[in-house]
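Chemist: Provided herewith is a single structure, encoded as structure tokens, for subsequent inquiry.
Please treat every number below as a calculation from the coordinates, not as lab data. Computed from a prediction, not measured in an experiment: that's the story for all the values here. Using ideal geometry, Cβ is built from the backbone for each residue, glycine included, and neighbour counts are taken over all protein chains shown.
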Amino acid sequence: MTAVVAEHDDHHDHHDHGPEKGFLRWIFTTNHKDIGTLYLVFALVMFFVGGTMALIIRSELFEPGLQFVDPNFFNSMTTMHALVMVFGAVMPAFVGLANWMIPMMIGAPDMALPRMNNMSFWMLVAGVLLLASTLFMEGGAPASGWTLYPPLVLQTGKAFPFAIFSVHLLGISSIMGAINVIATIFNMRAPGMTLMKMPLFVWTWLITAFLLIAIMPVFAGAVTMLLTDKFFDTSFFDAAGGGDPVLYQHIFWFFGHPEVYVMILPTFGVASTIIPVFARKPLFGYSSMVYATGAIAFLSFIVWAHHMFTVGLPIAGELYFMYATMLIAIPTGVKVFNWTATMWKGSMTFETPMLFSIAFVVLFTMGGFTGLMMSVAPVDFQYHDTYFIVAHFHYTLVPASVFILQAAGYYWLPKWTGNMYNEKIGRLHFWLSAVSVNILFFPQHFLGLAGMPRRIPDYAIQFADWNMVSSIGAFIYGFSQLLFVYVVIDTIRGGTGEKVTDEVWEDASKHSLEWTVPSPAPYHTFTTPPETIPTEHF
Amino acid sequence: MKKTKQLLACLVLMTLGLGTAHADYTLNLVQGVTQLSHELYDLHMLVLWICVFIGIAVFGTMFYSIYHHRKSKGHEAAKFHENTTVEIIWTIIPTLILVAMAIPATKAVIDLDKTQESEMSIKVTGKQWYWDYEYLDNGIHFESHLDEASEKTHRVSSMDPRSVPNYLLNVDKPLVVPTKKKIRFLFTAGDVIHSWWVPDLGWKKDANPGFVNEAWTYVDKPGTYRGQCTELCGRDHGFMPIVVIAMEQEQYDAWVKTTLEKQNQPVDLSDQSRGSLMTKGESVYLRNCVACHQIDGNGISGWFPALRGSAKVTGNMDQLIGFIQAGTSKMPAFRKLPDNELAELITYIRNAPELGNNVGDEIQPNKITPKWDDDE
């Protein structure tokens with residue numbers, strides 16, 4: 001107790017100190033901006049690790065026949081690519097944005113629980129490193145798909161308990177991050193920042209945080225049951241002992257479906273933040289955006305078995321999960337219509353963040369269309385576990401979550417660094433990404449409909465042409481992302497040399513508070529609360 | 001924008017296509033050969049067209065706006081930020097569209113579920129990595145493995161997949177069914193979850209260990225229909241295809257007769273030449289052993305032991321027979337192999353140059369005596 005008080009006093013003594021000098025700053029930091037940077041850099045590195053795995057997959061699939069990898073290693077790659085991208089890249093990147101932006105958007109000096117913030121980051125690093133270490137273990141990394149279905153996952157070699165412990169660490173890290181977000185939003189808003197004045201990014205993160213707290217323990221429970229089935233002779237998922245392998249799927253997807261919304265809701269939030277600024281109009285239908293996000297989050301808990309239509313559900317189950325899943329189209333449609341209406345009669349300019357955001361609306365909607373198609377349970381008996389679903393979820397993740405994360409990077413980098421990024425290279429990065437991502441994923445619709453199952457290392461000759469096209473797209477897309485790394489490093493080092501204003505983007509401070517502080521944002525912002533609160537209803 | 005991208009993709013494809021003669025790819029879902037598959041195809045097209053029309057409307061509006069409402073054209077931003085009437089309309093219209101979709105979809109769900117009143121039943125068991133078919137009405141029972149040509153080609157990188165007919169979509173023993181008969185399928189699995197999918201029949205169904213799933217079909221048209229396992233089931237998940245041959249009732253009856261005759265024949269235990277033992281032994285090896293011990297007998301380090309130079313393989317013959325029949329905690333017991341196949345297999349693995357073994361002996365089928373005890 002004394003220690004806490006002493007440190008508290010110490011903090012007051014050096015009220016406006018900057019960051020600590022040296023390397024230890026990054027280990028011990030409790031500053032939301034430092035931790036945000038750590039998360040973002042970590043996520044970017046993992047994006048390339050997961051991307052390399054994707055390119056190994058696409059290299060093997062470039063031509064029929066087995067050329068490069070053993071089928072088991074191929075299965076490890078599909079498994080690890082997904083786990084690294086979901087838990088190592090997309091989720092941490094959004095946590096990084098939350099750390100940087102939520103306090104600045106609600107006029108708070110920092111996150112509510114700074115030490116837990118630090119701990120949650122380093123647990124994430126530990127979890128991902130543990131996961132990556134399984135690649136070098138006897139028997140290889142998990143090869144049962146990221147869903148870790150039993151009984152197959154029980155055939156994993158030495159890596160099995162390590163993978164599960166890694167999931168536990170990642171889960172604890174996510175829960176801590178989520179608690180922090182909720183505590184910050186509920187307790188640290190500036191006077192006058194009512195809930196219905198908060199930027200949409202804050203709203204979507206608030207809802208996402210509740211999703212995380214609800215689902216991560218479920219996943220932890222499911223994998224713990226796998227652990228006891230393997231090592232302690234329980235039979236939760238073993239029919240021979242009275243269990244049921246399908247029970248695992250129900251538990252997993254009760255986590256898994258909200259989990260995909262954990263990756264998409266903050267995406268919606270950033271898009272709703274960027275589009276109004278570049279349309280020079282307030283966001284259309286602010287409150288319906290909030291309610292739609294809430295509705296999508298609620299629905300995400302009651303649709304899980306649409307991942308399991310062919311598993312042998314009773315007919316009532318098929319019908320219920322089909323109807324419930326179809327309903328998601330309504331709030332999602334509302335969002336797409338609202339973004340379109342925000343652009344309508346605006347005064348638009350097309351800087352890189354806006355380009356990525358528009359591409360997001362279009363391509364995410366295409367992913368939404370295939371989602372609607374698959375919600376129709378009987379036809380899903382054809383689509384299920386083919387390349388059609390691979391195309392679907394990559395459309396909702398790559399040109400959606402990843403595009404928007406990069407849009408966020410371009411949008412806020414000037415605020416973070418005080419420098420302007422190179423617009424020409426930004427646009428080049430956009431066009432290369434937007435074209436190649438379609439060369440990469442659009443043909444996968446054809447492959448799936450033509451009958452190519454997912455997760456196979458080799459395929460029949462009639463699938464050869466589109467696989468080759470898809471692989472070419474993958475390589476263009478993958479290497480284009482190096483441009484993003486270049487832009488980020490270049491901007492940190494000074495960018496175009498042009499000094500940016502506090503507002504950076506025209507009239508941005510009318511939309512949100514982060515544009516009222518200096519650029520680059522000082523180490524501590526809003527040590528005194530802001531006086532005026534901008535809203536999207538101006 | 002989307003169109004340009006598709007055009008680009010097509011251009012890339014065409015340039016590539018010049019080198020390859022295989023242009024028999026399809027872009028859309030197969031229509032299939034059953035009433036059910038047609039119903040699902042129509043439903044697929046209905047939803048697809050709904051999506052296309054919504055897409056044209058939404059993206060059309062957006063691109064109109066992007067083109068006209070831009071600052072560089074001097075367009076002033078309007079101030080509106082909500083409109084309750086519009087918002088209610090674009091909530092209600094999608095709801096109505098969904099209801100319109102749900103009606104035929106509900107009917108299709110019910111149709112998929114109609115497994116009652118079938119005229120015959122086939123039990124399908126998924127195993128790592130082949131299918132096991134059992135005709136419950138006449139006792140026909142066989143395993144269906146990937147055909148030898150595909151098996152060898154995908155395991156030897158110097159062989160060209162394009163030279164193999166129906167590469168990875170062919171089996172040694174196809175499932176034969178009569179046309180115009182309601183057939184009920186029962187699905188289960190022996191080890192992990194598999195999924196049985198023939199696109200032309202219109203559905204896939206998971207095969208879960210310890211549980212039985214049902215599905216049905218009624219094939220209108222005779223023909224050969226191919227599919228694959230669609231639930232990740234381990235390293236050779238991509239190599240357990242399904243072939244269904246539908247034939248008219250008369251031909252089917254003839255097939256049943258000859259198959260049953262063959263099945264009920266006593267195993268031929270007469271002596272064979274060494275060459276015959278070796279050739280047939282290779283087939284037995286490719287069906288039963290290659291998935292783990294690999295085509296070169298090297299196994300996979302950390303997973304499956306090598307046969308190449310293995311003392312167990314090249315050592316005492318009787319112990320080897322007992323070992324194969326009894327299995328281990330990791331290797332299944334191969335008691336299912338009749339004595340002739342076991343003799344062929346043993347001669348092959350002890351002497352195959354591909355596996356690097358050369359003991360220089362052989363064993364004839366009638367020399368095999370059971371080395372395991374049923375009571376154990």
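Chemist: Which angle from 0 to 90°, rounded to the nearest 10, does the C-alpha axis of helix A:91-106 make with the longest principal axis of chain A?
Modeler: Its long axis makes an angle of about 30 degrees.
Chemist: Looking only at region A:417-435, which residues have a backbone nitrogen under 16 Å from a spot 7 Å from the Cα of residue A:486 in the C-beta direction?
Modeler: Inside the label zone: A:421-434.
Chemist: Considering region B:233-317, what Rg and Dmax in Å follow from its alpha-carbon atoms?
Modeler: When restricted to the Cα atoms of region B:233-317, Rg and Dmax are 18.4, 53 Å.
Chemist: Another question, if that's okay. May I ask you to derive the relative contact order of chain A, considering only C-alpha pairs under 8 Å and at least 6 residues apart, and to give it as an integer percent? Let's see the in-between values first.
Modeler: On the way: 863 pairs, mean separation 90.1, N = 538.
Once normalised by length, the contact order is 17 percent.
Chemist: Quick one: dipole size for region A:34-516, taken about the Cα centre, charges +1 on Lys/Arg Cβ and -1 on Asp/Glu Cβ, in debye to the nearest 20.
Modeler: Approximately 1000 debye in magnitude.
Chemist: With every atom except the alpha carbons ignored, what do you get for Rg and Dmax of region B:64-155, in angstroms?
Modeler: Expressed in Å, the Cα Rg and Dmax of region B:64-155 come to 29.2, 80.
Chemist: So, one more: So what is the 222 nm mean residue ellipticity for the protein assembly as shown from helices alone, if each DSSP H run of at least 4 adds -39500 (n - 2.57) and you divide by all residues, rounding to the nearest 500 deg cm²/dmol?
Modeler: Mean residue ellipticity, 222 nm, calculated: -18500 deg cm²/dmol.
Chemist: Here is a further query. Work out the P(r) tail for region A:34-516: percent of alpha carbon pairs separated by more than 32 Å, whole number.
Modeler: Values: 45080 of 116403 pairs.
Tail of P(r) above 32 Å: 39 percent of Cα pairs.
Chemist: OK, next. Give the lysines whose C-alpha is closer than 20 Å to that of residue A:424, dropping any in the same chain fewer than 8 places away, or say none.
Modeler: A:415, A:499, B:71
Chemist: Take the alpha carbon atoms of region B:214-255, find their center, do the same for region A:112-162, and report the distance between the two centers in whole angstrom.
Modeler: Computed from Cα coordinates, the inter-centre distance equals 38 Å.
Chemist: For chain B, take the longest principal axis of its alpha carbons; what is the angle in degrees between that and the long axis of helix B:339-351, to the nearest 10 within 0 to 90?
Modeler: Compared with the principal axis, the helix lies near 90 degrees.
Chemist: Hey, another quick one. Taking the alpha-carbon centroid of each part, what is the distance from region A:54-99 to region A:407-482 in angstrom?
Modeler: 14 Å
Chemist: Taking H as built 1.01 Å from N, whose amide H comes closer than 5 Å to the amide H of residue B:198, not counting residues under 5 places away?
Modeler: Amide H neighbours of residue B:198, under 5 Å, 5+ apart: B:203.
Chemist: List the aspartates and glutamates whose Cα lies under 15 Å from the Cα of residue A:21, skipping any in the same chain that are fewer than 8 positions away.
Modeler: A:34
Chemist: Partner chain Cβ atoms within 10 Å, averaged over the residues of B:165-174 - can you pull that number for me?
Modeler: Per residue, the average neighbour count from other chains is 3.
Chemist: Determine the relative contact order of region B:120-264: mean sequence separation of Cα pairs under 8 Å and six or more apart, normalised by residue count, in whole percent.
Modeler: Reported relative contact order: 27 percent.
Chemist: Restricting things to alpha carbons, tell me how big region B:274-367 is in terms of Rg and Dmax, in Å.
Modeler: Rg then Dmax for region B:274-367, in Å: 11.9, 36.
Chemist: Under 1.5 on a/c is rounded, so check that first for region B:165-230, then, if it is not, pick prolate when a/b is larger than b/c and oblate when it is not; a ≥ b ≥ c are the square roots of the alpha carbon gyration tensor eigenvalues. Numbers along the way, then the final one.
Modeler: Working: a/c = 2.12, a/b = 1.23, b/c = 1.72.
In terms of gyration-tensor shape, oblate.
Chemist: Next up: Convert each backbone phi in region B:211-225 into a coupling constant with the Karplus relation 6.51 cos²θ - 1.76 cosθ + 1.60 (shift: θ = phi - 60°), then list the ³J(HN,Hα) values in order as whole Hz, x for Gly and Pro.
Modeler: 9, 10, 9, 10, 7, 9, 8, 8, 7, 7, 10, x, x, 10, 10
Chemist: Return the equivalent ellipsoid semi-axes of region B:77-216 as a descending list in whole Å, where each equals the square root of 5 times an eigenvalue of the C-alpha gyration tensor.
Modeler: 44, 25, 14
Chemist: Let me ask you something else. Which entries in the list B:114/B:152; A:230/B:336; B:182/B:262; A:33/A:345; B:173/B:204; B:180/B:205 go over 32 Å, if you measure between the two C-alpha atoms of each? Working shown, then result.
Modeler: Values: B:114/B:152 41 Å; A:230/B:336 28 Å; B:182/B:262 26 Å; A:33/A:345 36 Å; B:173/B:204 20 Å; B:180/B:205 21 Å.
Too far apart for the 32 Å limit: B:114/B:152; A:33/A:345.
Chemist: What list of ³J(HN,Hα) values in whole Hz, one per residue of region A:187-194 in order, does the Karplus curve 6.51 cos²θ - 1.76 cosθ + 1.60 (θ = phi - 60°) give from phi, with Gly and Pro shown as x?
Modeler: 10, 10, 5, 5, x, x, 7, 6
Chemist: Given an 8 Å cut-off on Cα distances and at least 6 residues of separation, report the relative contact order of chain B as a percent.
Modeler: After rounding, I find 13 percent.
Chemist: Same structure, new question: Fewest first, what order do A:84, A:218 take by the number of other Cβ atoms within 10 Å?
Modeler: Working: A:84 24, A:218 17.
With the fewest neighbours first, A:84, A:218 line up as A:218, A:84.
Chemist: Using a basic spin-label model with each label point 7 Å from the Cα along Cα→Cβ, how many nm lie between residue B:269 and residue B:312?
Modeler: Taking the simple label geometry, residue B:269 and residue B:312 are separated by 2.6 nm.
Chemist: Can you pull out the chymotrypsin sites (Phe, Trp or Tyr not before Pro) in region A:143-235 that DSSP calls coil and that have at most 10 other Cβ atoms within 10 Å?
Modeler: Counting only loop positions with at most 10 other Cβ atoms within 10 Å, the chymotrypsin sites (Phe, Trp or Tyr not before Pro) in region A:143-235 are A:232.
Chemist: Listing A:430, A:484 from the residue with the fewest other Cβ atoms within 10 Å to the one with the most, what is the order? Could you put the intermediate results ahead of the total?
Modeler: Details: A:430 26, A:484 22.
Neighbour counts put them in this order, fewest first: A:484, A:430.
Chemist: What FRET efficiency, computed as 1/(1 + (r/R0)^6) with R0 = 30 Å and r the Cβ-Cβ distance, is obtained for residue A:195 and residue B:96, rounded to the nearest 0.05?
Modeler: With a Förster radius of 30 Å, E is 0.40.
Chemist: How large is ³J(HN,Hα) for each residue in region B:100-107, as worked out from phi by the Karplus curve 6.51 cos²θ - 1.76 cosθ + 1.60 (θ = phi - 60°), to whole Hz, x for Gly and Pro?
Modeler: Using θ = phi - 60°, the values come out as 4, 6, 5, 5, x, 5, 5, 4 Hz.
Chemist: Determine which aspartates and glutamates satisfy two conditions relative to residue B:330: a Cα distance under 14 Å, and not lying fewer than 8 residues away in the same chain.
Modeler: Counting by Cα, and skipping residues close in sequence, residue B:330 has these aspartates and glutamates nearby: B:191.
Chemist: Moving to a separate point now. Over the whole of A:361-372, what's the average partner chain Cβ count within 10 Å per residue? Rounded to a whole number, please.
Modeler: That works out to 4 on average.
Chemist: Classify the protein assembly as shown as rounded, prolate or oblate, taking a ≥ b ≥ c as the square roots of the eigenvalues of its Cα gyration tensor: rounded when a/c is under 1.5, otherwise prolate if a/b is larger than b/c and oblate if not.
Modeler: In terms of gyration-tensor shape, prolate.
Chemist: Given H placed on each backbone N at 1.01 Å, which residues far from residue B:210 in sequence or on other chains put an amide H within less than 5 Å of it?
Modeler: Counting only residues 5 or more places away or on other chains, the set is B:189.
Chemist: Using only the alpha-carbon atoms, what does region A:334-408 span along each of its principal axes? Please give whole angstrom values in decreasing order.
Modeler: Computed over the Cα atoms, the extents are 46, 23, 12 Å.
Chemist: Another question, then. Across peptide B:295-306, how many C-beta atoms of other chains are within 10 Å of each residue C-beta, on average?
Modeler: For this peptide, the per-residue mean of nearby foreign Cβ atoms is 2.
Chemist: Taking Cα atoms, how many degrees apart are the long axis of helix A:403-417 and the longest axis of chain A, rounded to 10 and kept between 0 and 90?
Modeler: Tilt of helix A:403-417: around 30 degrees.
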